[in-house]
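Since the structure comes first, as structure tokens, the remarks are kept for the end.
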Amino acid sequence: MDVDKDPLLSCLVLLTQYNHRPVSAQVLTDGLPLVDGRLTPKLFLRAASRGGFAAKLVERPLNDIAALLLPAVILLKDEKACILQSMDRDAGEAEIVEPETGGVVRMPLQELEALYTGHVIFMRPEFQMSEGSRRELDDRDGHWFWGTLWRSARIYRDVLLASLLINLFVLANPLFVMNVYDRVVPNHAEETLWVLAAGVLVVYLFDFGLKMLRAYFIEIAGKKSDVLLSARLFEKVMGMRYDAMPASVGAFASNLREFDSIRNFLSSTTNTVLIDIPFMLLFLVVISWIGGPLVVVPAAAIPIILIYALMVKPSLRRSIERTFSSTAQKNGTLVESLTAMETLKTQRAASPMQGRWEESVGYIARWGLRSRMLSSSVVSVAGFVQQLASVLLVIFGVYMIMDQTLSMGGLIACVILSGRAIAPLAQVASLIANYEQSLKALKTLDEIMQLPDEYDGERRYIHRPDLKGGIELKEVDFTYPGTEYGALHKLSFRLQAGEKVALIGRIGSGKSSIQKLLLGLYRPTSGAIEIDGIDMNQIAPSDLRRCIGYVPQDVMLFAGTVRDNITIGLPQASDEQILKAARLAGVESFVNKHPLGFDMPVGERGSALSGGQRQSVALARALLHDPSILILDEPSNSMDNASEDALRRQLKSFIGEKTVLMVTHKMSLLDLVDRLIVVDGGRIVADGPKDSVLEALKQGRLQVRR
């Protein structure tokens, strides 16, 4: 990454060095959605947290920046920035650090004021707590979900205040009707009628405005939380350890999509109902004030509905949980079928997949029907009880009118208020269903958020911006997660920086496992791996992979152009870098024949390219950032002889002093290496000069250790 072209990133790298915890630019920006390959002020805050800082962007005049808050990063015109070290107002000078050079410069305050945009980023090193204290703090107020919602606490406070006024305005209608029937009609008071009508109209206008504002603020809070939570969730997925990835990608994707159910639960309708339910007590108090003993009817109806809803809740939870798990299984079948459509068709395997699909759909339909019936029963019971309460109110109210203890208007007002008090409970069924689904989704997402990250927040990584390429495996044992048989057994070998080595062996011998361990995708079960004499666990994964160019055997391309796929790991690469990598990998040979050149589309998963072309693009992607270590897994298995020969010649001129570890079964590519390591059954059975090992293989002098 070209730090010189990103002033904000340069400032942050310098500040980590001043804080005696140097962090590379790659680690600070890995996984962040950079804009044109650069940090924005908002992204700077996220990157700063990775460097051990708490950062805050504020708008403040230069003269109002307190000396105690320095050093700080100030934003300058033309998208530039610098570190403000100190200000001497008496002398009219400021001391700044230029990010391009790292040098300290004294500048007149008047000149700096002319360049200053008015925005400053204050930085504070975060206190490094013990693991127990950090966990206790995180449990209290740092939860990924509740902590994010808490950021909108002020908005929800205003919503609650608006809801209080809205529910008070509800009283206007029954009171208006009561006064019309009791005072206006008997006395023919037309003037009073218009005064009351004008007053209630004003209340309705305020009620309309408050409801619109309440809905707007709830949506704003929901949108804010949605953006923050979605970004954090995807960042978690991108940053989790590879060996912690769930086995089924489709089921995993389905579980991630269940975040939508949480978002829907936090929508304006749900929040409005939840906020309105406590105001039932207010309406009961008013009914008691107007109708006296009539309050018993709605007061008895409300617990009946609640009790039935609570009785249904356990069965509804079980139905939703089973629907949830079967939906994930169905989605796994769908994703697996779509990604392997060619195999399903050529191997005539559509029938088993159709059976799995129909079984999942039938299971979902059965439990989904039960969930809907349970929800509908609560709605029906609530409606029945509400109607029954209205009838009972009228019956008892008529007797009270006959006894002259209640007026006609009072009875009508009580009926209206009773309906308003019970109405929110009619939506309890949908709330319970949404709540149970959201709770299940939250538990699932919480389990995902608890999965281990590649970056250990408690570990202080050794700053290694560049690696020379020395590799050593010491007594490494490795077993894939979820399996019992070990892939590697007490495996040890050493590669000097700049050495060219080929790994050969039978299928399943452990060659690919060695590569994945070196890339940090998995961790050894026991033993150690050292890079340049440093335990690999002490090197940040981003620093490690920046220095490694990897070409997998199964190439995965993304929908887009050839250029997009080559630069996917280095989007700010120059045209010169792209052309050089394309020439070395043989990409030029086919893009030059296409009218769109490097903008030719590759199709989803590279379906528009041949196997050899996909492999060339993957190789160009690996060579683009000029790595010091090359790990190549059958780099030419899909190429024809001419393309392979051209690739061999280009690589021979490129690898120079680079460390090369190559897995291949093609004798022609062995021309690139000087040493052979033969692996079988997860053990090394031969290791030595290429010619000696090949001769031993020909004579059958190698025996596999069991």
**Prompt:** Looking at the range 354-368, is at least one residue surrounded by fewer than 18 Cβ atoms within 10 Å (Cβ to Cβ), more than 30 Å from Ala441 (Cα to Cα), of a type in the set (Gly, Ala, Ser) and modelled with pLDDT under 85?
**Reply:** no
**Request:** Go through the range 469-487 and count every residue that is part of a loop (DSSP other than H, G, I, E, B), within 34 Å of the chain's Cα centre (by Cα) and not β-branched (Val, Ile, Thr).
**Result:** 8
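Being at pLDDT 80 or above, within 30 Å of Arg50 (Cβ to Cβ), β-branched (Val, Ile, Thr) and surrounded by fewer than 18 Cβ atoms within 10 Å (Cβ to Cβ) narrows it down to one of Val195, Val237, Val202, so name that one. Working first, answer last.
Values: Val195 fails: within 30 Å of Arg50 (Cβ to Cβ); Val202 fails: within 30 Å of Arg50 (Cβ to Cβ).
Within the list Val195, Val237, Val202, the selection yields Val237.
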**Request:** Determine which single condition Ser10 fails, assuming it passes every other condition in (1) under 18 Å from Pro465 (Cβ atoms); (2) modelled with pLDDT of 80 or more; (3) in a loop (DSSP other than H, G, I, E, B); (4) of a type outside the set (A, V, I, L, M, F, W, C).
**Result:** (3)
**Asked** What do you reckon, is Leu445 aliphatic (A, V, I, L, M), over 30 Å from Phe493 (Cβ atoms) and surrounded by fewer than 18 Cβ atoms within 10 Å (Cβ to Cβ)?
**Response** no
**Request:** Give just the number: which of (1) in contact with a helix residue (DSSP H, G or I) (Cβ under 6 Å, 6 or more places away or on another chain); (2) farther than 22 Å from Leu425 by Cα; (3) in contact (Cβ under 8 Å) with a residue 12 or more places away in the chain does Val361 not satisfy?
**Result:** (1)
**Prompt:** Of the residues in the range 48-104, how many are surrounded by 13 or more Cβ atoms within 10 Å (Cβ to Cβ), within 21 Å of Asp6 (Cβ to Cβ) and of a type in the set (Val, Ile, Thr)?
**Reply:** 5
**Item:** Leu467 modelled with pLDDT of 80 or more and in contact with an Asp or Glu (Cβ under 6 Å, 6 or more places away or on another chain)
**Value:** yes
**Complete:** Considering residues that are loosely packed, with under 13 Cβ neighbours inside 10 Å and aromatic (Phe, Trp, Tyr), the number found within the range 385-413 is 1
**Message:** Please determine whether any residue of the range 568-590 is touching a helix residue (DSSP H, G or I) at 6+ places or on another chain (Cβ under 9 Å), more than 22 Å from Phe654 (Cα to Cα) and β-branched (Val, Ile, Thr).
**Reply:** no
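Select, from Tyr485, Tyr480, the only residue that is free of Cβ contacts under 8 Å to residues at least 12 places away in the same chain and surrounded by fewer than 18 Cβ atoms within 10 Å (Cβ to Cβ). Walk me through it before giving the result.
Numbers: Tyr480 fails: free of Cβ contacts under 8 Å to residues at least 12 places away in the same chain.
Tyr485 is the lone residue from the list that is free of Cβ contacts under 8 Å to residues at least 12 places away in the same chain and surrounded by fewer than 18 Cβ atoms within 10 Å (Cβ to Cβ).
Can you say whether Lys490 is in contact (Cβ under 8 Å) with a residue 40 or more places away in the chain, of a type in the set (D, E, K, R), assigned to a loop (DSSP other than H, G, I, E, B) and surrounded by 13 or more Cβ atoms within 10 Å (Cβ to Cβ), as far as the supplied structure shows?
Taking the combined requirement at face value, the residue does not satisfy it.
Of everything in the range 88-106, what is in a strand (DSSP E or B) and out of contact with any helix residue (DSSP H, G or I) (no Cβ under 9 Å at 6 or more places or on another chain)? Give them in sequence order.
Going residue by residue through the range 88-106, those that are in a strand (DSSP E or B) are 88, 93-97, 104-106.
If the condition is that a residue be in a strand (DSSP E or B) and out of contact with any helix residue (DSSP H, G or I) (no Cβ under 9 Å at 6 or more places or on another chain), then Glu95, Val104, Val105, Arg106 are the ones that fit.
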**Request:** Mind counting the residues in the range 395-419 that are farther than 21 Å from Phe384 by Cα, in contact with a Phe, Trp or Tyr (Cβ under 9 Å, 6 or more places away or on another chain) and assigned to a helix (DSSP H, G or I)?
**Result:** 3
**Request:** Please work out which one of (1) at pLDDT below 80; (2) closer than 30 Å to Gly52 by Cα is the condition Val170 fails and give its number.
**Result:** (2)
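From the list Leu651, Leu669, Leu623, Leu619, pick out the single residue that is buried (at least 20 other Cβ atoms within 10 Å of the Cβ) and touching a Gly at 6+ places or on another chain (Cβ under 7 Å).
On the way: Leu651 fails: touching a Gly at 6+ places or on another chain (Cβ under 7 Å); Leu669 fails: touching a Gly at 6+ places or on another chain (Cβ under 7 Å); Leu619 fails: touching a Gly at 6+ places or on another chain (Cβ under 7 Å).
Going through Leu651, Leu669, Leu623, Leu619 in turn, the sole match is Leu623.
Quick one: which of Val361, Val335, Val295 is among the aliphatic types (A, V, I, L, M) and over 32 Å from the mean Cα position of the chain (by Cα)? Spell out the reasoning first.
On the way: Val361 fails: over 32 Å from the mean Cα position of the chain (by Cα); Val335 fails: over 32 Å from the mean Cα position of the chain (by Cα).
Val295 is the lone residue from the list that is among the aliphatic types (A, V, I, L, M) and over 32 Å from the mean Cα position of the chain (by Cα).
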**Asked** List, please: which pairs have Cβ atoms under 7 Å, are six or more places apart or on different chains, and start with a residue in the range 216-242 that is closer than 20 Å to Ser254 by Cβ and of a type in the set (D, E, K, R) and end with one that is at pLDDT 80 or above and part of a helix (DSSP H, G or I)?
**Response** Lys236/Ile448; Lys236/Met449
**Request:** List every residue pair whose Cβ atoms lie under 7 Å apart, where the two residues are 6 or more positions apart in sequence or sit on different chains, the first residue falls within the range 301-317 and is surrounded by fewer than 20 Cβ atoms within 10 Å (Cβ to Cβ), and the second residue, located anywhere, is acidic (Asp, Glu) and in a helix (DSSP H, G or I).
**Result:** Arg317/Glu436
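Among the residues of the range 16-42, write down those that are in a helix (DSSP H, G or I) and without any contact (Cβ under 8 Å) to a residue 12 or more places away in the chain. Break it down stepwise before answering.
Applying the first criterion (in a helix (DSSP H, G or I)) to the range 16-42 yields 16-18, 25-29, 41-42.
The answer is Gln17, and nothing else.
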**Request:** Can you give me the number of residues within the range 640-684 that are within 41 Å of the chain's Cα centre (by Cα), closer than 19 Å to Lys468 by Cα and outside any helix (DSSP H, G or I)?
**Result:** 7
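Filter the range 510-560 down to residues that are β-branched (Val, Ile, Thr) and outside any loop (DSSP other than H, G, I, E, B) and give me whichever is surrounded by the fewest Cβ atoms within 10 Å (Cβ to Cβ). Spell out the reasoning first.
From the range 510-560, those β-branched (Val, Ile, Thr) are 514, 525, 529, 531, 534, 539, 548, 551, 555; that's our starting set.
Filter once more, keeping what is outside any loop (DSSP other than H, G, I, E, B): 514, 529, 531, 534, 539, 548, 551.
Values: Ile514: 28, Ile529: 19, Ile531: 26, Ile534: 14, Ile539: 21, Ile548: 22, Val551: 24.
Checking each candidate, the answer is Ile534.
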**Prompt:** Does the range 51-76 hold any residues that are under 13 Å from Leu15 (Cα atoms), touching a residue at least 60 places away in the same chain (Cβ under 8 Å) and either in contact with a Pro (Cβ under 6 Å, 6 or more places away or on another chain) or not aliphatic (A, V, I, L, M) (or both), and which are they?
**Reply:** Gly52, Phe53
**Prompt:** Could you say whether any residue in the range 241-264 is over 24 Å from Lys330 (Cα atoms) and in a helix (DSSP H, G or I)?
**Reply:** no
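Yes or no, residue by residue, for (1) farther than 18 Å from Gly409 by Cα; (2) surrounded by fewer than 15 Cβ atoms within 10 Å (Cβ to Cβ):
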residue	(1), (2)
Val170	no, no
Phe176	no, no
Val185	no, yes
Leu210	yes, no
Leu213	yes, yes
Ile220	yes, yes
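The values are calculated or read from the model by the stated rules, or taken from the named source; none is laboratory data. As the structure is a computational prediction, the values presented were derived from the model and not from experiment. Please note: Cβ atoms are built from the backbone with ideal geometry, for glycine as well, and neighbour counts cover all protein chains shown.
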